[in-house]
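Undergrad: This is the structure, below, for whatever I ask next.
Here, each number is a calculation from the coordinates, and none is a lab measurement. A quick note: this is a predicted structure, and the numbers were derived from the prediction, not measured. As a convention, Cβ positions derive from the backbone with ideal geometry for all residues, glycine included, and neighbour counts pool all protein chains shown.
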Amino acid sequence: MTSNRPQRPQPPSRPNRSSGGGSSPELAPKPYEFVSFPKERPNLQRPIGHHKYFSDRLHGTLYLTLKVQTSLHVSTGVVFMGSDIGNNRIPLIKTMVQGIDQKLSIQGSSLKGCIRSVYEAITNSTLAVITNKYRSQIPTERLPCRNKEQLCPASRVFGALDWQGLLDFSDAKCENMGFSTGFMPSLYRPRPDESNAYLIQGRVAGRKFYYNTIRAIDKGQNSGIPVQQAGREYIFKTKLNFKNLLPEELGTLLIVLGQDSKCPIALKVGGGKPIGMGTMTVNIDKIARSQSLQKRYSAYQLNEFDELMGDALQQFMQTQIKAAYSRLIQQPQLDELKAVLRYPSDREPPSGMY
């Protein structure tokens, strides 16, 4: 007896990706690329600790302005009725975090994960998180750090099991009132088991990053999934506290945030990365750092000389970036990443199946 039940549509078969990055004529180019692992094993060291502020380390706060370049959606995982958030034209909508003042927010954890992934890729670091299913295909030296006395460069800064890290991320709050509504196409999950693109000689090819593009795809109300989003040109503000960092560690962080003119990159935040969503550029408005820690913690107000802005800020950042290039950055991996995250970009998002 033949069943008349409707069958779930199957995604099209994906051809193996050639080493040159080519694609079948029927399919759009892949919207992602892999950044290879460094050839040398990671340099594992004991972290500096939190028990004191060391005089030969850097401490302070970065004040950041993030600008949305392609529509941004960082999901809460909750679907609301459109009328509940002020949009009566949409029956149901996937939401972002929105305060009682009607302003959107980006969770600090989302920013941390995005920034850490880039920091890991351009330093000789291990992976932060893996799926046990693919553990045997990951080089042993790239498995996550499990001993807090032996941490890779990224884990020493961002944290690992039993180690809190040296950076504190705050939620980024939107300066614009309200939100826009977008319509995302349905996206398939990654399928590493069905494509050789993820593997080289049975081992994972590297870290996967999605290209920045000049725009994001919007399928329209009749074809896409309604999402609450921050539209292009929306502005978010946040701050990032750091303590006990080496100059090269802070310099690498500044490169990740797009502050090196020789490496113009933008962050990819939130959902919809394959269709061009989530591109954000970063501007550092000022850095607050105390010349004297004793004076800093015996006064209620920061001295104006402790805030770096303008030319002094640029000079300070370039000094740390120079240290990063000489002592921490992996140049081949940075070059690979720069080709993917470069912004401004003239790359179009994939218009069809890829």
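Undergrad: Add +1 for every Lys or Arg and -1 for every Asp or Glu among the other residues with Cβ under 15 Å from the Cβ of residue 239, and state the total.
TA: Details: positive: 112, 173, 237, 243, 286, 289; negative: 168, 171, 175, 285, 306, 307.
Charge balance in the 15 Å sphere: 0.
Undergrad: Could you put 131, 238 in order, starting from the residue whose Cβ has the fewest other Cβ atoms within 10 Å?
TA: On the way: 131 8, 238 19.
So the residues, fewest neighbours to most, are 131, 238.
Undergrad: Quick one: net charge around residue 65, please, counting Lys, Arg +1 and Asp, Glu -1 for every other residue with C-beta under 14 Å from its C-beta. Walk me through the numbers on the way to the answer.
TA: Numbers: positive: 67, 173, 237, 239, 286; negative: 175, 233, 285.
Once all neighbours under 14 Å are counted, the net charge is +2.
Undergrad: Still on this model: Taking residue 112 as the anchor, which lysines have their alpha carbon closer than 21 Å to its alpha carbon, excluding any fewer than eight residues away along the same chain?
TA: Leaving aside lysines fewer than 8 places away in the same chain, those within reach of residue 112 are 67, 103, 148, 173, 208, 237, 239, 243, 268, 273, 286, 338.
Undergrad: Also, quick follow-up: Using alpha-carbon pairs under 8 Å, 6+ residues apart, how would you state the relative contact order of the chain in percent?
TA: Values: 710 pairs, mean separation 104.1, N = 354.
After rounding, I find 29 percent.
Undergrad: Once you list every other residue whose beta carbon is under 15 Å from the beta carbon of residue 137, what net charge do they have if Lys and Arg are +1 and Asp and Glu are -1?
TA: Result for the local shell: +4.
Undergrad: What's the exposure ranking of 89, 327, 207, going from fewest to most Cβ atoms within 10 Å? Present the calculation step by step, with values, prior to reporting the outcome.
TA: Values: 89 10, 327 13, 207 21.
Result, fewest neighbours first: 89, 327, 207.
Undergrad: Among 208, 322, which comes first, then next, by fewest other beta-carbon atoms within 10 Å? Working shown, then result.
TA: Values: 208 18, 322 14.
Ordered by Cβ neighbours within 10 Å, fewest first: 322, 208.
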